[in-house]
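Right, one structure below, let's go through it.
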Amino acid sequence: MATIFTKIINGEIPSYKIAEDEHFYAFLDINPLAEGHTLVVPKREVDYIFDLNDEELAGMMAFAKKVAAHIRAAVPCKRIGMAVIGLDVPHAHIHLVPISEGGDLDFSRPKLKLTPDEFKAIQAKIQF
Ligand code: 5GP
């Protein structure tokens with residue numbers, strides 16, 4: 001059965017898309033740690049990120065680098081932090097999170113509750 005992220009990539013489930021190319025798709029995390037928290041996923045459905053082949057993994061990182069630059073230009077922060085957890089959704093993904101201190105990447109912190117209009121406004125600032 002297709003993962004929820006494959007359904008998002010295929011447009012069967014809506015998402016606040018930030019960018020996509022032939023192989024990767026980026027969209028806002030629905031439970032963000034910070035405004036601009038974005039997920040980068042490969043279109044090929046692979047559960048564990050380190051099961052991607054070397055070319056895919058390198059391509060995913062290069063795509064994430066572009067996405068991070070757009071987030072950083074749009075959201076006040078010191079840097080874009082990066083995390084891979086992958087315990088909830090069995091489809092490889094990188095979290096890109098605007099951070100200003102180490103604790104900003106603590107996933108046990110409460111997530112933001114944003115309205116659809118707030119998500120759309122953030123999407124409009126970052127998407128490319
Ligand atoms: P992880 O697998 O890395 O622990 O977490 C999965 C992430 O995917 C979570 O941060 C969660 O908020 C996000 N997520 C799960 N389902 C959806 C969804 O349907 N839409 C979006 N935009 N994000 C999702």
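The values are calculated or read from the model by the stated rules, or taken from the named source; none is laboratory data. On a predicted model such as this, the values are computed, not experimentally measured, just so you know. Backbone-built Cβ (ideal geometry, glycine too); neighbour counts: all protein chains shown. Accessible surface areas use protein heavy atoms only, side chains included; no ligands, DNA or RNA. Shrake-Rupley method; radii C 1.70, N 1.55, O 1.52, S 1.80 Å.
Please compare each pair in Lys7/Lys78; Lys17/Lys43; Lys17/Lys111; Lys65/Lys125; Lys17/Lys65 to a cut-off of 24 Å on the Cα-Cα distance and tell me which ones are over it.
Working: Lys7/Lys78 33 Å; Lys17/Lys43 14 Å; Lys17/Lys111 19 Å; Lys65/Lys125 17 Å; Lys17/Lys65 16 Å.
Listed pairs above 24 Å: Lys7/Lys78.
Under the criterion of Cα pairs below 8 Å and six or more residues apart, the relative contact order for the chain equals 31 percent.
Here the simple spin-label model places points 7 Å from the Cα toward Cβ, and for Ala2 and Glu55 these points are separated by 2.5 nm. Taking amide H as placed 1.01 Å from N in the peptide plane, the amide H of Phe24 sits under 5 Å from that of Lys43, each at least 5 places away or on another chain.
The phi torsions of region 53-66, fed into the Karplus equation with coefficients 6.51, -1.76 and 1.60 and a -60° offset, translate into couplings of 6, 4, 5, 5, 5, 5, x, 5, 5, 5, 5, 4, 4, 5 Hz, rounded to whole numbers, with Gly and Pro shown as x. Once the Cα atoms of helix 116-126 and of the chain are each reduced to a long axis, what angle between those two axes, in degrees from 0 to 90 to the nearest 10, is obtained? Taking the Cα atoms of the chain, the angle to 116-126 is about 80 degrees.
With all protein chains in place and a 1.4 Å probe, the accessible surface of region 1-70 carries 54 percent carbon and sulfur. The sum of -39500 (n - 2.57) across all DSSP H runs of n ≥ 4, divided by the residue count of the chain, sets its helix-only mean residue ellipticity at 222 nm to -9500 deg cm²/dmol. Mean projected area of the Cα convex hull of region 1-97, taken over all directions, amounts to 5.9 nm². For region 56-128, what is the Kirkwood estimate of the hydrodynamic radius, computed as the reciprocal of the mean inverse distance between distinct Cα atoms, to one decimal in Å? Here the Kirkwood hydrodynamic radius works out to 13.6 Å.
Karplus-derived 3J(HN,Hα) values for region 91-108, using 6.51 cos²θ - 1.76 cosθ + 1.60 with θ = phi - 60°, are 8, 3, 7, 10, 8, 10, 10, x, 9, 10, 8, x, x, 5, 9, 8, 6, 7 Hz; glycine and proline are entered as x.
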